[in-house]
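Undergrad: Before anything else, here's the structure in question.
The values are calculated or read from the model by the stated rules, or taken from the named source; none is laboratory data. As the structure is a prediction and not an experimental result, all values here were calculated from the model. Cβ: placed from backbone, ideal geometry, glycine included. Neighbour counts: every protein chain shown.
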Amino acid sequence: MSFAPEELLACALARLIVARPTAHVAVGAASPVPAAACWLAVKRGAPIRLSLLHKRSGNPFTEGSRELFDLTGQGRVDLFFLGGGQIDGQANLNLIGTGEWPGREVRFPGSFGSAFMYMMAGRTILFREEHSPRVLVERVAHVSAPGVSEPGVFRRGHAQALVTGKCVFAFDPARGRFILESVHPGETVESVRAATGFGFDVAAGVGETPAPTEGELALLRGPVRDEMLETYPEFCGRVFGRRAAA
Amino acid sequence: MITLEEMAASVPDGALVALPPDNSLPSVALAKALARRGAKGLRLLGVPVSGFATDLLIGAGCVAEVQTSACSLGEAGFAPRFTAAVKAGTIRVVDATCPAIHAMLQATEKGVPFMPLRGIIGSDILANRPDWTVIEAPFTGERIVCLPALEPDVAAFHAPMADEAGNVWIGRRRECATLAHASRRALVTVERIVPGNFLEDERLAPGAISATYVSAIAVAARGAHPVALLDEYGFDAAYVAEYARMARTEAGFAEWAAREVFAPRREAA
């Protein structure tokens, strides 16, 4: 059965979500793919509370946009998603830009809550579809949010993994280093290495990222799409819509 | 009760103006009115990020500085006039992170000089904020960031309704309440004025801002458009996409603004 790249990524993310105990996931301004992954985990029966920041009707927060940060500060968010204009080999995130501060060469939108959420959430899954030496760099131009912290600085969690359009990396915070876990269909360890600006380790059992099953695809294109339509109409039209119309 | 144009006239050049972003009741109507009055040197504060209204004001040449945690048009992509202005160096950008902006406003709300906030240490945002400082926390001994109280000159947002007593109803968008509490003046545009008093209604009172904090109200029907307003109307994606396309260049923005900001107002759809 054929599938869209976004569907493969949503399934890969969903496996990472359920791989660790997860009671509450918050999804922010990141790509809609993490939201699809969360819904997929929920629709498969995972007992997860899902807080979607940008949900217009039935938004989970009643104390305004500060509530997400307040409850994350308390440790009530087990998992958050972040991306980055640049991500480096120590899992530092750059959402500021390149060139002289504050991004005089290329300006990205800005750091959003990353400087707080990355350190206060129980863990973070990094997601960036573009996998190129331009995005995955040896050292970010500016640090919006640090991948690891010094002793004496309160930090609750780190990156669990980095999922891109080419592969899945795990992250080892003790060593500050990514480990290649699986490559997506059509990719190899060599093709990933050629497209990655930072050095990384390769897991002993590195394999291919599993393709979505028919059951997963049916959930994504049905109940998951229905949940996402209001918040991400453009995404739903592009990824799920063509099939619905066909 | 004043008119929209009177409200815009009451915002002095150079004022620190706090605006909520596209998911949280921005007054696009007031932003357009500020552009029409030719406001200059405004310092905008994104609460906690910035969107369409901020990009519009930058494009219209009203802005000297933006303090924000991010500026974007959501699904329509990068904010084109913000991005161009950063590259050209024509505005000063003061980068923050969302909970820091909330905390700085909450400090003012509480009348205390600063608020501590975890996280941030190790971010270059901190290195570029000489007004933020790191202390050893009492009680825990951890290193923690202290953020100064921030008091905007003006809070500007758009609410579904105000009542005859001057109270404003914002529902669950409580950041607008914090913003009103923390600002010297709160200027609120509304869809409509309704009879009665929200504070006497147990269902409405928790989503209301008391008139104590509201300096002026102006009626502006569809005043959040093209941004969504709670459950009253949706996000006009086609309008924002057209803006994003045209505002890529200064000339394109000028053409867009001539039609959408400066032309005599058409009847709202």
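Undergrad: Checking B:Glu142 against (1) within 8 Å of chain A (Cβ to nearest Cβ); (2) in contact with a Pro (Cβ under 9 Å, 6 or more places away or on another chain), which test does it fail?
TA: (2)
Undergrad: For the range A:136-172, what are the residues that are part of a loop (DSSP other than H, G, I, E, B), free of Cβ contacts under 8 Å to residues at least 40 places away in the same chain and surrounded by fewer than 18 Cβ atoms within 10 Å (Cβ to Cβ)?
TA: Selection gives A:Ser149, A:Glu150, A:Pro151, A:Gly152, A:Phe154.
Undergrad: Just for the range B:219-269: of the residues that are more than 14 Å from chain A (Cβ to nearest Cβ) and among the acidic types (Asp, Glu), which one is nearest to B:Ala60 (Cα to Cα)?
TA: Here the residue is B:Glu250.
Undergrad: Determine which member of the set B:Gly119, B:Gly51, B:Gly111, B:Gly61 is at pLDDT 95 or above, crowded, with 24+ Cβ neighbours inside 10 Å and more than 8 Å from chain A (Cβ to nearest Cβ).
TA: B:Gly51
Undergrad: Please give the helices (runs of 4 or more DSSP H) falling wholly within the range B:73-190 in which 2 or more residues are in contact with a Cys (Cβ under 9 Å, 6 or more places away or on another chain).
TA: Where helices (runs of 4 or more DSSP H) fall fully within the range B:73-190 and carry at least 2 residues being in contact with a Cys (Cβ under 9 Å, 6 or more places away or on another chain), they are B:80-88.
Undergrad: Here is a further query. When the residues of the range A:24-60 are filtered to those that are within 14 Å of chain B (Cβ to nearest Cβ) and among the basic types (Lys, Arg), which remaining residue is surrounded by the fewest Cβ atoms within 10 Å (Cβ to Cβ)?
TA: So the residue we want is A:Arg56.
Undergrad: Let me ask something else. Looking at B:Ala18, B:Ala8, which one is within 14 Å of chain A (Cβ to nearest Cβ) and buried (at least 23 other Cβ atoms within 10 Å of the Cβ)?
TA: B:Ala18
Undergrad: With respect to B:Tyr233, is the statement that it is surrounded by fewer than 18 Cβ atoms within 10 Å (Cβ to Cβ) and in contact with a His (Cβ under 9 Å, 6 or more places away or on another chain) true?
TA: yes
Undergrad: If you go through the range A:96-135 one residue at a time, how many are part of a loop (DSSP other than H, G, I, E, B) and either farther than 30 Å from A:Pro21 by Cβ or within 7 Å of chain B (Cβ to nearest Cβ) (or both)?
TA: Just the residues of the range A:96-135 that are part of a loop (DSSP other than H, G, I, E, B), to begin with: A:96, A:99-105, A:108-113, A:121-122, A:129-135.
Among the residues that remain, those that are also either farther than 30 Å from A:Pro21 by Cβ or within 7 Å of chain B (Cβ to nearest Cβ) (or both) are: A:96, A:99-105, A:108-113, A:130, A:132-135.
Adding up the residues that qualify gives 19.
Undergrad: Pick out the one residue from B:Ala251, B:Ala257 that is under 30 Å from B:Thr83 (Cα atoms), in contact with a helix residue (DSSP H, G or I) (Cβ under 8 Å, 6 or more places away or on another chain) and modelled with pLDDT of 95 or more.
TA: Just one listed residue meets the conditions, B:Ala257.
Undergrad: Any chance you could count how many residues in the range B:79-95 are of a type outside the set (Ser, Thr, Tyr), out of contact with any strand residue (DSSP E or B) (no Cβ under 6 Å at 6 or more places or on another chain) and either facing chain A (nearest Cβ under 8 Å) or under 24 Å from B:Pro12 (Cα atoms) (or both)?
TA: Qualifying residue count for the region: 5.
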